[in-house]
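Have a look at the structure below before the remarks.
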Amino acid sequence: MAVNQKKPSALKDLNLIRTMIRQHKRNDLAFAGLGMFVIASLTITLIILFLDLVLDGYPKFTLDFFSNFPSRRAARAGILSAWVGSSLVLIVTFIVAVPLGIAAGIYLEEYSKKGWLSDIIEINVSNLAGVPSIIYGLLALGLFVYSFGLGQSILTAGLTLALLMLPIVIVSTREAIRAIPVQIREAAYAVGATKWQVVLNHVVQYSYGGILTGVIIGMARAIGETAPLITIGALTFIAFLPPSPVTIDPPFINLDWLNAGFTVLPIQMFNWISRPQHAFHINAAATGAVIIILTVLMNGVAIKLRYNIRKKIKW
Amino acid sequence: MSEPIISARLSKDFQRNIMERFIEFALLCSAAFAVFITSAIVYVLVSEAIPFFQHVSIYEFLTDTVWTPNYSIKHYGILPLISGTLTTTFIALIVAVPLGTITAIYLSEFASHKVRETVKPILELLVGVPTVVFGYFALMLVTPLLQKIYPDLTTFNMLGPGIVMGVMIVPYIASLAEDSMRAVPMAMREGAYAMGATRFQTSVRVITPAAISGIVAAYILAISRAVGETMIVAIAAGQQPNFTFNPVESAATITSYIVSVALGDLEHGGIGYQSIFAAGLTLLVMTLLLNILGHMTRKKFAERY
């Protein structure tokens, strides 16, 4: 009697539990679907963004676009001064930021002793990575343009971007160095190498790939950086080229280009976006496509490089 | 001294010792350069903003609701710029927080190894897209789309750039939040699974609460990124200071104000020139507070596991 009474309610409970489990499994599936949907839409957004630029700018992908100066007539305007400017600025950035960043990274990983000095430096490096880029522009405006009197030149722009790139190089150098096991260093010390010999001939050699990854990512960021260069007062309309860095006569190298006015690809693009005529928007799209191809290629190379290093090296 | 001399030749090698000391010093100088940059930023912003604040009282700066330093009737209230900054940031967060969190949970708890290895590089590529291109996207693609839904929307508004900025910061939130979720010990997941929890229940009831400070830190750092973002708003939000929190209106943010002044003729030492440093100082203080808060939250998380 008692058993018979219990049975239906137990069955009811069982059914309830089964419904609950089914529902939770459904939730599980629903969330997995949602996650995939979100990631797919992000990827599609990236693709649409890229296609939109390429399709809008497609009519401008001619040799003339790369060999013409900007012009008041949209059809004849090109990005010659912009890509030359970008290249020269990046040369300065590279020369300044890479050695400085690697040296700082080496110091922080290999030399610094735990103490207030290394703490202060570490806090500063991580803090610099979070400072908005336009603040670097204000720093450069106050310091390089007016206090040092460098003017609105390629040198100023290169130094500004170098400051922006520095934290990226420092962080990637440190990560690469940290991955090297201590036995490598001990082996070198054991045969009588000095600290610097260990660092230069072993630590830096083996962390080369990781450092390169950081340098490429930093350069890709520097190519697209606009706000700090607008802040230092980069000109938006440049119809001349800076003096050539290489000359036929000795001493073959001419440094006048460092003081020349300049424009860069993203500023040229910004300038064209800001104009009301649609014809200029096409130019902007084409410039944007050039920038995005450059940055995506560089980032892609960096990501691939890092992937290869991770796969290949087994200590 | 009874210390054993390992190699008399090496201990006498002054050149070698001096070289080592010199190199160490040079490396120290490079590292200390980071400190120099920070001090230079603070020095330049403060020293250029001091003359501004001698002209304008801090009370007026913080309470006046009109910002027109470059007009004949001058008002110096930072509030319109702050309202623009906060509105665009808020829209960006409405977009980025759900998307970023879902992506992070999916990548950390649901995705197979292969999916994760494919998606993370795509997110990194999204981070690498220059902001000026995102600005073009906001003005030429997103705003016209929004205008089809709201025909009253002006060409320059805060909604379009806000949404695009949200898409831009999704990868930051996703990768930082995912890192902190993956750092939650495996034993906690296994405990939940052993009790019969599904993956969704485990993620929401176990992993998310355990990683909450890391996730919140990701949000805070994303806010800081959005507050300092310049080109998207400078291109697509208009550059007219406007004290409003209405996202369909056009407005200037702190950053886009700096850009608009820098695009014009800058008179060195003039009040317009000083005003961008005062605005920059405000921005620096805001992002600095957010970054410190973010790092403190993350450190709290790191201490637990």
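Computed quantities for the displayed model
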{"item": "A:ILE216 vs. criteria under 20 Å from the mean Cα position of the chain (by Cα), surrounded by fewer than 22 Cβ atoms within 10 Å (Cβ to Cβ) and either within 30 Å of B:ILE254 (Cα to Cα) or modelled with pLDDT of 70 or more (or both)", "result": "yes"}
{"item": "Residues satisfying the stated conditions in region B:178-207, i.e. closer than 19 Å to A:ASN27 by Cα, crowded, with 19+ Cβ neighbours inside 10 Å and within 29 Å of the chain's Cα centre (by Cα)", "result": "B:SER203, B:VAL206, B:ILE207"}
{"item": "Members of region B:247-286 that are more than 10 Å from every other protein chain (Cβ to nearest Cβ), assigned to a loop (DSSP other than H, G, I, E, B) and either without any contact (Cβ under 8 Å) to a residue 12 or more places away in the chain or within 23 Å of the chain's Cα centre (by Cα) (or both)", "result": "B:PRO247, B:SER250, B:ALA251, B:ALA252, B:THR253, B:GLU267, B:GLY270"}
{"item": "Top-ranked residue of region B:49-76 - restricted to ones that are free of Cβ contacts under 8 Å to residues at least 24 places away in the same chain and of a type in the set (Gly, Ala, Ser), ranked as surrounded by the most Cβ atoms within 10 Å (Cβ to Cβ)", "result": "B:SER57"}
{"item": "Candidates B:ALA218, B:ALA187, B:ALA236, filtered to the one that is touching a helix residue (DSSP H, G or I) at 6+ places or on another chain (Cβ under 6 Å) and farther than 27 Å from A:LEU229 by Cα", "result": "B:ALA218"}
{"item": "Any chance B:ALA222 is at pLDDT below 90, buried (at least 20 other Cβ atoms within 10 Å of the Cβ) and among the aliphatic types (A, V, I, L, M)", "result": "no"}
{"item": "A:ALA162 within 25 Å of A:ILE230 (Cα to Cα) and more than 16 Å from the chain's Cα centre (by Cα)", "result": "no"}
{"item": "Complete set of residues in region A:145-158 that are within 11 Å of another protein chain (Cβ to nearest Cβ) and buried (at least 24 other Cβ atoms within 10 Å of the Cβ)", "result": "none"}
{"item": "Looking only at region B:27-37, and only at residues there that are crowded, with 19+ Cβ neighbours inside 10 Å and within 21 Å of the chain's Cα centre (by Cα), the one that is nearest to B:PRO69 (Cα to Cα)", "result": "B:ILE37"}
{"item": "Residue list for region A:252-272, filter: aliphatic (A, V, I, L, M), surrounded by fewer than 23 Cβ atoms within 10 Å (Cβ to Cβ) and assigned to a helix (DSSP H, G or I)", "result": "A:LEU258"}
{"item": "Some residue of region B:172-180 being in a helix (DSSP H, G or I) and within 24 Å of B:TYR71 (Cβ to Cβ)", "result": "no"}
{"item": "Residue in region B:46-84 that is farthest from the other protein chains (Cβ to nearest Cβ), counting only those that are small (Gly, Ala, Ser) and over 16 Å from B:LEU281 (Cα atoms)", "result": "B:SER72"}
{"item": "Residue tally, condition of a type in the set (Val, Ile, Thr) and farther than 20 Å from A:ILE134 by Cβ, over region B:131-161", "result": "5"}
{"item": "Close pairs from region B:166-188: first more than 14 Å from every other protein chain (Cβ to nearest Cβ) and free of Cβ contacts under 8 Å to residues at least 12 places away in the same chain, partner acidic (Asp, Glu) and assigned to a helix (DSSP H, G or I), Cβ under 9 Å, at least 6 apart", "result": "none"}
{"item": "Scan of region A:113-126 for residues that are facing chain B (nearest Cβ under 7 Å) and more than 17 Å from the chain's Cα centre (by Cα), ordered by number", "result": "A:ILE120, A:ILE121, A:ASN124"}
{"item": "Meets criteria (surrounded by 15 or more Cβ atoms within 10 Å (Cβ to Cβ), in contact with a helix residue (DSSP H, G or I) (Cβ under 9 Å, 6 or more places away or on another chain) and either in a loop (DSSP other than H, G, I, E, B) or at pLDDT 85 or above (or both)) for B:THR103", "result": "yes"}
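Residue by residue, here is whether (1) surrounded by 18 or more Cβ atoms within 10 Å (Cβ to Cβ); (2) not acidic (Asp, Glu) holds:
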| site | (1), (2) |
| --- | --- |
| A:ASP13 | no, no |
| A:LEU29 | no, yes |
| A:PHE50 | yes, yes |
| A:ILE106 | yes, yes |
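The values are calculated or read from the model by the stated rules, or taken from the named source; none is laboratory data. None of these values were measured; they are calculated from a predicted model. Cβ sites come from the backbone with ideal geometry, for glycine too, and all protein chains shown count toward neighbours.
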